[in-house]
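> The structure follows.
The values are calculated or read from the model by the stated rules, or taken from the named source; none is laboratory data. Given the structure is predicted, the values throughout are model-derived calculations rather than measurements. When we count neighbours, we look across all protein chains shown, and the Cβ atoms used for this are built from the backbone with ideal geometry, even at glycine. These area figures cover heavy atoms from the full protein model, side chains too; ligands, DNA and RNA do not enter into them. Shrake-Rupley method; radii C 1.70, N 1.55, O 1.52, S 1.80 Å.
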Amino acid sequence: SVISGYGIWSARRTPEVTRLTLSFPDLPAGLDGLTVLHLSDVHAGIHMEEEDMREIVRQANDLRADLIVQTGDMIDISPAYVRPYVRAFRELTAPLGVVTVLGNHDRYTGEERVIGGVRDAGQVFVRNGVHVVERGGATLALLGVDDPHAWRADDPQEADVRAAMRAAPAGAFKVLLAHRPGAFDSAAPLGIPLTLAGHIHGGQFYLPGLRWSPGRMITKYVMGHFRQGAGQLYVSRGIGVVGVPIRVFAPPEIALLTLRSV
């Protein structure tokens, strides 16, 4: 059918670049204008071969972000795809580095093998802790939480978020990296200004008129930008697919986020 043909084409197409400016009243001057490239859900596997990943890396590098973050599901399920991922993604570079957390499919693959691959690709891996970068005399604390072992819908992961918070230096501007967007429900009340997540792929199917996606059965944060008090969340539609390689009105995405002080 036309829909399935479009959906297969949409799943295979080059990711759209979403450019978004996020403003924060407490952003340190040294971080004003910082660009963060957010990648999620590559799902290296039968629908995401090495040449596809190399093209994504070329596209990401061309955007020349200051910092790259990756919110999980690098590998679909088979450990055989760790090496192709490493070969492609070791070319991914940014002045402030590439910082990564795990997703649930990385655990299905074998988390130690994925962590080894992430590090072999030159990335910083964070697990319920923090990675600190400096820019213009300001400190940015990238808090990373692991994917929860006992899954439940919109799990706020409060213990993990608090553990990462404790590791952050006082006075640092905090950004939480989480695979599942439910962690935002802990991050916002704790005063973390920005959370970045993925996991849902925009449901892979979206009805614009009804603003409905099957992802709504998993989370209230399916895709895009959300606010809760002073906290902000961006949920990536991700790059790869799970199961049927189809995306309908939920195309693959790379997000280029510019942080600004109000």
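> Can you tell me which residue in the stretch 141-162 is farthest from the chain's Cα centre (by Cα), limited to those that are of a type in the set (G, A, S) and over 24 Å from T109 (Cβ atoms)? Spell out how you get there, then give the answer.
First, pick out the residues of the stretch 141-162 that are of a type in the set (G, A, S): 141, 144, 150, 153, 159.
Retained after the next criterion (residues that are over 24 Å from T109 (Cβ atoms)): 141, 159.
Values: A141: 16, A159: 20 Å.
Across the stretch 141-162, the extreme among qualifying residues is A159.
> For the stretch 84-114, what are the residues that are surrounded by 19 or more Cβ atoms within 10 Å (Cβ to Cβ), under 30 Å from G171 (Cα atoms) and of a type in the set (G, A, S)?
A94, G103
> Here is a list of conditions, (1) outside any strand (DSSP E or B); (2) in contact (Cβ under 8 Å) with a residue 40 or more places away in the chain, and Q70 meets all of them except one; can you say which number that is?
All conditions pass for Q70, except number (1).
> Please work out which residue is farthest from M74 (Cα to Cα), limiting yourself to the stretch 33-48 and to residues that are open to solvent by less than 20 Å² (accessible area, probe 1.4 Å) and part of a strand (DSSP E or B).
V36
> Same structure, new question: Could you go through the stretch 21-32 and let me know if any residue there is part of a helix (DSSP H, G or I) and surrounded by 15 or more Cβ atoms within 10 Å (Cβ to Cβ). So that I can check it myself, show each step before the final result.
Step one: filter the stretch 21-32 for residues part of a helix (DSSP H, G or I), giving 29-31.
From what's left, surrounded by 15 or more Cβ atoms within 10 Å (Cβ to Cβ): 30-31.
Looking through the stretch 21-32, at least one residue is part of a helix (DSSP H, G or I) and surrounded by 15 or more Cβ atoms within 10 Å (Cβ to Cβ).
> If you check F249, F226, which single one turns out to be modelled with pLDDT under 85 and surrounded by fewer than 21 Cβ atoms within 10 Å (Cβ to Cβ)?
Working: F226 fails: modelled with pLDDT under 85.
None of the other options fit; the residue is F249.
> While we're here: Kindly indicate which of P79, P28, P84 is within 29 Å of D155 (Cβ to Cβ) and over 18 Å from the mean Cα position of the chain (by Cα). Don't jump to the end; show me each part of the working.
Values: P28 fails: within 29 Å of D155 (Cβ to Cβ); P84 fails: within 29 Å of D155 (Cβ to Cβ).
Only one candidate qualifies: P79.
> Out of all the residues in the stretch 115-134, which are under 21 Å from I192 (Cβ atoms) and open to solvent by 70 Å² or more (accessible area, probe 1.4 Å)?
Taking the stretch 115-134 as the starting set, the residues that turn out to be under 21 Å from I192 (Cβ atoms) are 124-134.
Result: R127, E134.
> So, of the residues in the stretch 60-81 that are touching a strand residue (DSSP E or B) at 6+ places or on another chain (Cβ under 7 Å) and more than 28 Å from R135 (Cα to Cα), which turns out to be most open to solvent (accessible area, probe 1.4 Å)?
Of all residues in the stretch 60-81, those touching a strand residue (DSSP E or B) at 6+ places or on another chain (Cβ under 7 Å) come to 60, 63, 65-72, 74-78, 81.
Cutting the leftovers down to more than 28 Å from R135 (Cα to Cα) gives us 75-78, 81.
On the way: I75: 2, D76: 36, I77: 88, S78: 47, Y81: 43 Å².
For the stretch 60-81, the residue satisfying everything is I77.
> If we scan the stretch 173-185, do we find a residue that is touching a residue at least 12 places away in the same chain (Cβ under 8 Å), in a strand (DSSP E or B) and among the basic types (K, R)? Let's see the steps before the verdict.
From the stretch 173-185, those touching a residue at least 12 places away in the same chain (Cβ under 8 Å) are 173-185; that's our starting set.
If we keep only those that are in a strand (DSSP E or B) as well, we get 173-177.
Now restrict to residues that are among the basic types (K, R): 174.
Checked against the condition, which is being touching a residue at least 12 places away in the same chain (Cβ under 8 Å), in a strand (DSSP E or B) and among the basic types (K, R), the stretch 173-185 yields at least one hit.
> How about the stretch 229-246: which of its residues are assigned to a loop (DSSP other than H, G, I, E, B), farther than 18 Å from M53 by Cα and at pLDDT 90 or above?
Residues satisfying the conditions are G229, A230.
> Give the residues of the stretch 135-164 that are outside any strand (DSSP E or B) and open to solvent by less than 50 Å² (accessible area, probe 1.4 Å), sorted by residue number.
Passing the criteria: V145, D146, D147, P148, D154, D155, P156, Q157, D160, V161, A163, A164.
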